[in-house]
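These notes are about the structure you will find just below.
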Amino acid sequence: MGTVLSISPATKKASIMDAELAAGDGQKNDKSLKRHSMFVSLSWRKLVSNSGKKSAKKVTPNPLPAPANQVAQLNSENIRKTHKTEEKKPKAPIPVPVPTVPTQNKDALVQNGKLSTVQKQPGSLSVSPRRIVIQASTGELLRCLGDFMCRRCFKLKELKSSDVILWFRNIDRTLLLQGWQDQGFITPANVVFVYLLCEDTIEDSVDTAAELQGTFQTCLYLSYSYMGNEISYPLKPFMIEANKDVFWETALRIIDRLSAKMLQLNSDPHFFTEVFQDLKNQRDTTEANLDR
């Protein structure tokens, strides 16, 4: 016995529509795939074309340095041009100093419409100062100091230069024996310093040898205090009965009057030389030299 299948028209229609939809989706997928492949191919073509364009650009290499001969030729041309420009410029005369002889004539000058005369001064020549060498022993300078004292104090007829030297040596020996100094004070430079003080302090109106000795030993005390190696010295060898009342008054007067010269004697060699020569000129030429 046979079987009969019956299909409703609705279901048949639905199946046909589903088949058509499936076919439409397939076509869409094919179209999308085609589009994607088209896009990929287009982008690849653009990349290839761009790279081709970039590679087609010309690359200019760095210019080669000019050869050495060309550089030398350019330098020579530049030097030739500079020489030509210098030759075109007017050459100024070179000033040459002309030696002139100074004259005593008066030259007339016109200043602001007025006539004035100017007297030329002779040119001063720079000549190095002549070096003067003066030599004298300590004994000679002591004798010169004694001769000066005798000549200045002419009223003291019995005064001898040896007396002044003895006063000086006795004080120096006493300070050595008592331990107030380690070495003797009597040197040529110190004798010159003593003469500087005595020449200004001792007057020709001295009547007695005691007064002269008191003033002389006051000058010695200041000389020892200023030029000596020790810090201080005692008053006893310098101060005696003849000058104890006026010792400090005389000392202060000497300091007030001769302080600048005492400093100058140690700082100015020319001034020292002048005083040294003045002391040496005080020597009495009629007497023999006195050795130390």
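The numbers here are math on the coordinates, done by the rules we state, and not lab data. All figures in this text were calculated on a predicted structure; none of them were measured in a lab. We place every Cβ from the backbone using ideal geometry, glycine too, and count neighbours over all the protein chains shown.
Quick notes on this structure:
- Length available on full extension from Thr187 to Gln70: 0.36 nm per residue minus the Cα-Cα distance, which gives 33.5 nm.
- Label-to-label distance, nm, for residues given as Asn281 and Asp207 (7 Å Cα→Cβ offset): 3.3 nm
- The slack in the chain from Ile240 to Ser162, taken as 0.36 nm per residue of separation less the alpha-carbon distance, amounts to 26.1 nm.
- Annotation: for a label point projected 7 angstrom from Cα along Cα→Cβ of Tyr226, residues of region 244-258 with backbone N closer than 11 Å are 254-258.
- Shown here for region 212-269: trypsin sites (Lys or Arg not before Pro) in loop regions (DSSP other than H, G, I, E, B) with at most 13 other Cβ atoms within 10 Å, namely Lys244.
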